[in-house]
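Visitor: This is the structure I have questions about; it appears just below.
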């Protein structure tokens with residue numbers, strides 16, 4: 001009896017796992033698709049799948065698409081089902097025709113990419129997010145050889161730490177605080193790159209002797225107190241992401257890179273969830289928004305924002321409906337900090353806003 005129960009449990013677990021990874025076709029999926037200029041693998045997979053983050057499964061063992069990164073605009077893709085009834089994409093081979101004309105150029109296009117990585121590159125290489133505790137541990141500039149603030153390269157500045165001679169460093173100023181609207185807690189700070197330099201003399205902290213940093217480039221006026229962080233010149237971001245359905249606790253969007261009221265596809269946003277909430281790079285989350293509240297008035301149902309404050313106070317017979325929450329977009333996490341994460345908007349039905357919710361898809 002125990003063996004049967006064990007086998008039943010194992011079977012259920014396997015079934016759930018298979019269902020979680022099973023490809024579900026979009027009801028409106030076409031039988032074929034012509035790759036357009038500007039398409040990404042995510043876009044194309046979204047045409048065929050309900051879960052675009054499972055795009056690698058759609059491009060699986062396929063002699064015509066050995067490398068999906070070599071798909072070009074103009075290529076025709078066809079939806080095909082294998083012997084097990086699972087979908088896959090096949091690229092039609094072009095018909096070759098002999099012609100007396102000389103082919104001038106084989107390809108005048110770039111292959112389709114997974115995601116437009118250039119959009120998030122500045123946030124990988126330059127912008128940083130640090131907690132107050134992390135900032136307290138960083139070395140900083142205490143002065144320079146000229147005695148005043150620097151706005152140009154060529155200065156020497158002094159740092160209260162034993163720097164490594166020959167090592168390049170990035171210099172940051174603390175910028176705006178990142179506040180979690182749900183808790184009113186200052187969870188981190190934005191830190192902005194203001195310059196770069198190279199260590200030319202090692203100090204000795206024990207003897208109160210600072211290290212010397214030669215400024216190679218300054219973006220804006222550099223003040224004493226600027227934080228000094230090793231610069232990794234070879235820092236690169238992966239060309240592909242291992243996307244997965246996120247499973248962290250629901251959160252909200254708390255800011256965007258554009259600082260505009262609304263933002264859309266390929267804008268960068270920040271959410272109030274991070275390592276502490278088990279967020280990982282590659283997590284795909286759904287953006288949600290509560291539909292506007294509706295109340296009954298003498299003039300019929302109205303959005304609560306459209307009625308006067310007086311009517312809100314005296315309307316004892318008003319019925320405040322429990323309006324549904326709707327999915328309006330998807331984001332992918334590309335950088336994770338302790339309590340916040342940066343994400344790229346993959347799709348949106350309407351402009352997204354600060355305070356929109358984010359949840360597992």
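Visitor: Quick test for you: out of 207, 198, pick the one residue that is outside the structural domain of residue 274 (by TED's automatic domain parsing), free of Cβ contacts under 8 Å to residues at least 24 places away in the same chain, out of contact with any helix residue (DSSP H, G or I) (no Cβ under 9 Å at 6 or more places or on another chain) and more than 20 Å from residue 134 (Cα to Cα).
Guide: Details: 198 fails: free of Cβ contacts under 8 Å to residues at least 24 places away in the same chain.
Exactly one residue qualifies, and that residue is 207.
Conditions (1) in contact with a strand residue (DSSP E or B) (Cβ under 6 Å, 6 or more places away or on another chain); (2) surrounded by fewer than 18 Cβ atoms within 10 Å (Cβ to Cβ); (3) within 30 Å of residue 251 (Cβ to Cβ), marked per residue:
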position	(1), (2), (3)
143	yes, yes, no
154	no, yes, no
163	yes, no, no
167	yes, yes, no
186	yes, yes, yes
194	yes, no, no
205	no, yes, no
212	yes, no, no
220	yes, yes, no
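Visitor: So which of 260, 313 ends up being more than 25 Å from residue 49 (Cα to Cα), assigned to a loop (DSSP other than H, G, I, E, B), over 12 Å from the mean Cα position of the chain (by Cα) and at pLDDT below 90? Before the answer, list the steps.
Guide: Numbers: 313 fails: assigned to a loop (DSSP other than H, G, I, E, B).
Of the residues listed, the single one that is more than 25 Å from residue 49 (Cα to Cα), assigned to a loop (DSSP other than H, G, I, E, B), over 12 Å from the mean Cα position of the chain (by Cα) and at pLDDT below 90 is 260.
Visitor: Another question, then. Can you tell me which residue among 160, 149 is farther than 30 Å from residue 25 by Cβ, in the same structural domain as residue 221 (by TED's automatic domain parsing), more than 33 Å from the chain's Cα centre (by Cα) and at pLDDT below 90?
Guide: Only one candidate passes the filter, namely 149.
Visitor: Next up: Only one of (1) part of a loop (DSSP other than H, G, I, E, B); (2) at pLDDT 70 or above; (3) more than 21 Å from the chain's Cα centre (by Cα) fails for residue 105. Which number is that?
Guide: (2)
Visitor: Among (1) over 17 Å from the mean Cα position of the chain (by Cα); (2) within 28 Å of residue 23 (Cα to Cα); (3) modelled with pLDDT under 90, there is one condition residue 294 misses while meeting the rest; what is its number?
Guide: (2)
The values are calculated or read from the model by the stated rules, or taken from the named source; none is laboratory data. Keep in mind that this is a model prediction, so the values were computed, not measured. Positions of Cβ are generated from backbone atoms using ideal geometry, with glycine treated the same way; all protein chains shown enter the neighbour counts.
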